[in-house]
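Asks: Take this structure, written in structure tokens, and hold onto it; I'll ask about it next.
The values are calculated or read from the model by the stated rules, or taken from the named source; none is laboratory data. Every value quoted in this text rests on a predicted model; they were computed, and no experiment measured them. Please note: Cβ atoms are built from the backbone with ideal geometry, for glycine as well, and neighbour counts cover all protein chains shown.
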Amino acid sequence: MSRHRVCALLSVAALGMAGVAVATPAAAAPPAGAAPSAGAAPADVVLSNETTSSTWTVADYADPIHAGPSNRSPRVGTLALTTPDGFLQSYLLLREHWTHGHPWIQLRIPGRPNGRIGWVPRRALDVFNHADMQVVVDRSARTLTVYRADKAIFTAPVGVGKPGTPTPPGHFWITEAFPTSDPFYGPYAFGTSDYSTLSEWPGGGIVGLHGTNEPALVPGDPSHGCIRLHNSDILRLKSLLSIGTPLLVE
């Protein structure tokens with residue numbers, strides 16, 4: 001998606017200082033990581049409902065991702081430490097489960113094919129961060145809406161993928177954010193965990209939210225999968241969205 005490359009890796013704290021809002025713990029965030037009481041049957045903890053309360057983090061180790069909460073479960077991937085653009089790779093966390101006295105975390109896996117889910121040991125992940133926001137892109141209505149605590153706080157028209165290169169639907173999240181110097185992408189861009197149908201695209205075909213130098217094409221379906229906004233709207237999103245914010249494309 002991006003022609004913009006970042007050479008230095010950013011820490012989670014640096015993301016906040018670079019103009020990317022880092023989500024703060026929500027009041028209703030679950031107490032993940034606490035060991036179950038002695039004699040009590042461990043119960044799963046829901047970490048994200050992907051609407052009003054979500055949890056995200058980055059990986060500390062490039063550990064295997066398993067199909068189930070066990071090292072004996074088949075391997076379905078590997079935790080990545082960085083995105084194709086050089087930022088820390090974030091993960092949206094879904095559930096915590098205890099196996100033989102150790103916590104395992106179910107998470108969404110970025111990359112092709114879209115929609116994969118797996119499990120990793122809690123020790124492989126960094127500090128948990130929480131968000132109470134969600135972005136919804138309605139491809140038929142050509143609109144993007146931001147919700148906070150399930151209330152719409154921002155709506156804007158968008159351009160989406162052409163019929164031959166549609167914006168893939170599903171549950172995703174914001175993985176990176178940065179200013180751009182290329183007028184094609186407008187003044188600012190967000191990377192997402194959604195991957196387009198064009199694997200040969202620079203960066204592997206990441207679907208981005210970005211501005212445009214062709215505002216007359218928004219709303220519409222002018223792109224190869226990315227979601228285009230008017231430059232004034234992408235700058236408004238800059239002040240609203242954080243890394244780890246869930247994205248629903250429908």
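Asks: Given the condition of a type outside the set (Ser, Thr, Tyr) and closer than 17 Å to Pro215 by Cα, answer yes or no: does some residue in the range 187-196 qualify?
Replies: Of the residues in the range 187-196, the ones of a type outside the set (Ser, Thr, Tyr) are 187, 189-191, 194.
With closer than 17 Å to Pro215 by Cα added as a condition, the list becomes 187, 189.
Checked against the condition, which is being of a type outside the set (Ser, Thr, Tyr) and closer than 17 Å to Pro215 by Cα, the range 187-196 yields at least one hit.
Asks: Being closer than 21 Å to Leu93 by Cβ, aromatic (Phe, Trp, Tyr) and at pLDDT 95 or above is the requirement here; does Phe154 meet it?
Replies: Values: closer than 21 Å to Leu93 by Cβ: no; aromatic (Phe, Trp, Tyr): yes; at pLDDT 95 or above: yes.
No, not satisfied.
Asks: Tell me yes or no: at least one residue of the range 37-55 is in contact with a Gly (Cβ under 6 Å, 6 or more places away or on another chain) and either assigned to a strand (DSSP E or B) or at pLDDT 95 or above (or both).
Replies: So in the range 37-55, the residues in contact with a Gly (Cβ under 6 Å, 6 or more places away or on another chain) come out as none.
Scanning the range 37-55, I find no residue that is in contact with a Gly (Cβ under 6 Å, 6 or more places away or on another chain) and either assigned to a strand (DSSP E or B) or at pLDDT 95 or above (or both), so the answer is no.
Asks: Given the residues Ala141, Ala149, which is the only one that is assigned by TED's automatic domain parsing to the domain that holds Pro179, at pLDDT below 95 and of a type in the set (A, V, I, L, M)? Explain how you work it out, then say what you get.
Replies: On the way: Ala141 fails: at pLDDT below 95.
Sole residue among the options that is assigned by TED's automatic domain parsing to the domain that holds Pro179, at pLDDT below 95 and of a type in the set (A, V, I, L, M): Ala149.
Asks: If only one of Ser70, Ser90, Ser54 is touching a residue at least 12 places away in the same chain (Cβ under 8 Å) and within 14 Å of Leu248 (Cα to Cα), which one is it? Steps first, answer last, please.
Replies: Values: Ser70 fails: within 14 Å of Leu248 (Cα to Cα); Ser90 fails: within 14 Å of Leu248 (Cα to Cα).
Residue meeting the stated conditions: Ser54.
Asks: Additional query: Identify all residues within the range 58-88 that are within 17 Å of the chain's Cα centre (by Cα) and assigned to a loop (DSSP other than H, G, I, E, B); write none if there are none.
Replies: Across the range 58-88, the qualifying residues are Leu79, Ala80, Leu81, Thr83, Pro84, Asp85, Gly86, Phe87.
Asks: For residues that are under 19 Å from Arg236 (Cα atoms) and in contact with an Asp or Glu (Cβ under 8 Å, 6 or more places away or on another chain), tally how many sit in the range 158-168.
Replies: Initial filter on the range 158-168 (under 19 Å from Arg236 (Cα atoms)): 158-160.
Retained after the next criterion (residues that are in contact with an Asp or Glu (Cβ under 8 Å, 6 or more places away or on another chain)): 159-160.
Count: 2.
Asks: Going by the structure shown, is Val146 β-branched (Val, Ile, Thr), touching a helix residue (DSSP H, G or I) at 6+ places or on another chain (Cβ under 6 Å) and within 27 Å of Asp132 (Cβ to Cβ)?
Replies: Working: β-branched (Val, Ile, Thr): yes; touching a helix residue (DSSP H, G or I) at 6+ places or on another chain (Cβ under 6 Å): yes; within 27 Å of Asp132 (Cβ to Cβ): yes.
Spelling it out, Val146 is indeed β-branched (Val, Ile, Thr), touching a helix residue (DSSP H, G or I) at 6+ places or on another chain (Cβ under 6 Å) and within 27 Å of Asp132 (Cβ to Cβ).
Asks: Pro103: under 30 Å from His230 (Cβ atoms), in the same structural domain as Thr51 (by TED's automatic domain parsing) and in contact with a helix residue (DSSP H, G or I) (Cβ under 8 Å, 6 or more places away or on another chain), yes or no?
Replies: Values: under 30 Å from His230 (Cβ atoms): no; in the same structural domain as Thr51 (by TED's automatic domain parsing): yes; in contact with a helix residue (DSSP H, G or I) (Cβ under 8 Å, 6 or more places away or on another chain): yes.
Here the answer is no, as Pro103 does not meet what is asked.
Asks: Kindly indicate the residue of the range 82-120 that is among the small types (Gly, Ala, Ser) and at pLDDT 95 or above and also farthest from Ser193 (Cα to Cα) among those meeting that condition. First the steps, then the outcome.
Replies: Taking the range 82-120 and keeping what is among the small types (Gly, Ala, Ser), we get 86, 90, 101, 111, 115, 118.
Within this subset, residues satisfying the condition of being at pLDDT 95 or above are 90, 115, 118.
Numbers: Ser90: 9, Gly115: 9, Gly118: 15 Å.
Among residues in the range 82-120 that are among the small types (Gly, Ala, Ser) and at pLDDT 95 or above, the one farthest from Ser193 (Cα to Cα) is Gly118.
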